[in-house]
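Readers should treat all values here as calculations from the given coordinates under stated rules, not as data from a laboratory. Because the structure is a prediction, the values reported are computed rather than measured. Cβ placement follows ideal geometry from the backbone for every residue including glycine, while neighbour counts extend to all protein chains displayed.
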Ligand code: AMP
Ligand code: GLY
């Protein structure tokens with residue numbers, strides 16, 4: 001297990017003014033910054049590299065977070081007392097390990113590389129689930145040397161067939177093939193380098209038919225706390241059609257995720273995962289994102305991520321009543337068992353506004369209008385930056401509009417109305433987020 005911070009004197013955390021470094025630049029990070037800024041611990045927040053929205057809550061630092069020397073330099077320069085790592089790439093590449101070497105007593109939220117393999121390698125996570133009897137799709141893995149065997153195997157599979165590149169492929173490494181010809185051709189291309197190194201091992205998986213949902217826990221490697229459940233909407237088009245995206249919207253809570261289903265998720269999936277992390281000596285202090293699917297009433301794991309989801313975080317943190325800094329410090333000091341999670345009864349809906357053309361090629365630098373205050377919720381920024389006194393687009397997913405309601409309909413209506421009042425050239429959002437839940 002990682003360093004035990006429980007033995008550190010509490011005043012080392014400097015509760016009255018705490019310097020925190022948050023890494024990332026998406027809507028997820030704006031939501032984390034927003035939540036941190038409400039802490040009674042008076043955070044002095046630094047966000048690297050951040051976006052136009054995060055700069056409302058602290059100081060953006062324009063560094064490349066995949067350049068670990070720059071991150072360590074920022075920690076030193078700004079006397080950082082807590083680091084929260086948002087995205088997966090630096091985690092998988094070992095940023096938490098590097099920070100532990102450079103600053104042995106610094107609390108860091110985000111697993112070491114050993115733990116981040118749960119997301120960084122599909123083959124690792126499938127073997128982990130098999131080893132710890134965690135329900136997931138049946139699978140086989142192949143490499144270039146076993147390509148012919150793989151093709152033989154593919155020919156015997158029922159359709160559709162799921163192919164997964166082993167490594168991180170920026171959300172593009174999963175293919176669901178509707179014919180054997182397509183599966184064989186994609187399989188060959190993946191093993192021939194279509195996704196670079198990430199595809200040097202390919203996992204062939206049984207297709208699971210059901211509705212997906214996302215469960216997040218914060219763990220210190222021993223104990224865990226379950227955060228509000230959410231559902232995200234990945235396809236670009238209404239009715240869940242068209243290309244896959246990073247996520248076009250999210251809802252929390254999810255009506256079909258009943259207390260009975262959550263009980264099973266906890267006992268059949270979360271607990272064996274935390275036990276597996278301990279048994280396999282994975283170093284894990286941070287969030288685990290369980291990408292789950294309800295297959296005829298049975299929860300199964302589609303994938304693990306070693307971070308929070310985007311845009312789920314916007315809906316999840318909006319419902320969390322706890323002080324996020326306290327939860328993070330508690331995870332880092334191995335005292336999570338003392339925390340009680342408190343969740344708002346409200347329903348939250350998040351609608352993502354994207355650049356025209358996304359998830360294909362899109363333009364940046366479009367002036368965004370209509371960002372004034374929003375009483376019914378929050379407009380989180382994703383791909384935005386400040387240009388003089390204007391805010392301009394700077395990515396595919398531009399904004400995430402999050403609203404509260406008594407029902408899914410009410411929350412979605414508010415977010416939809418507000419999203420429609422934000423304008424920039426080419427702006428697009430799905431108007432049907434939550435359609436399957438009402
Ligand atoms: P992943 O990157 O593993 O989350 O996969 C991306 C998306 O592909 C998931 O959110 C699912 O919608 C879909 N998917 C992945 N694996 C399967 C599977 N075995 N059966 C059905 N759909 C899947
Ligand atoms: N919304 C899915 C993800 O963050 O990977």
Condition (residue is assigned to a strand (DSSP E or B) and buried (at least 19 other Cβ atoms within 10 Å of the Cβ)) applied to the stretch 170-187: is it met by at least one residue? yes
State whether the residues of the stretch 55-68 include one that is in contact (Cβ under 8 Å) with a residue 60 or more places away in the chain and crowded, with 17+ Cβ neighbours inside 10 Å. yes
Any residue in the stretch 291-310 that is more than 16 Å from ligand 1 (Cβ to nearest atom) and surrounded by 19 or more Cβ atoms within 10 Å (Cβ to Cβ)? no
Collect the residues in the stretch 175-198 that are in contact with a strand residue (DSSP E or B) (Cβ under 8 Å, 6 or more places away or on another chain), under 18 Å from residue 153 (Cα atoms) and within 16 Å of ligand 1 (Cβ to nearest atom), keeping them in residue-number order. 175, 176, 177, 183, 186, 187, 190
Among the residues of the stretch 116-139, are any under 20 Å from residue 73 (Cβ atoms) and in contact with a helix residue (DSSP H, G or I) (Cβ under 7 Å, 6 or more places away or on another chain)? no
Out of 318, 331, sole residue that is buried (at least 24 other Cβ atoms within 10 Å of the Cβ) and away from ligand 2 (no atom under 16 Å from the Cβ): 331
Among (1) part of a loop (DSSP other than H, G, I, E, B); (2) more than 16 Å from residue 50 (Cβ to Cβ), which single condition is residue 395 missing? (2)
If you check 206, 212, which single one turns out to be surrounded by fewer than 20 Cβ atoms within 10 Å (Cβ to Cβ), within 12 Å of ligand 1 (Cβ to nearest atom) and closer than 30 Å to residue 349 by Cβ? 212
Does the stretch 388-413 hold any residues that are within 18 Å of residue 317 (Cα to Cα) and surrounded by 21 or more Cβ atoms within 10 Å (Cβ to Cβ), and which are they? 399, 400, 401, 402, 403, 408, 411, 412
Given the options 351, 293, name the one that is closer than 30 Å to residue 138 by Cα, touching a strand residue (DSSP E or B) at 6+ places or on another chain (Cβ under 9 Å) and not in a helix (DSSP H, G or I). 293
Criterion: under 23 Å from the mean Cα position of the chain (by Cα), surrounded by 20 or more Cβ atoms within 10 Å (Cβ to Cβ) and away from ligand 1 (no atom under 15 Å from the Cβ) - qualifying residue of 219, 136: 219
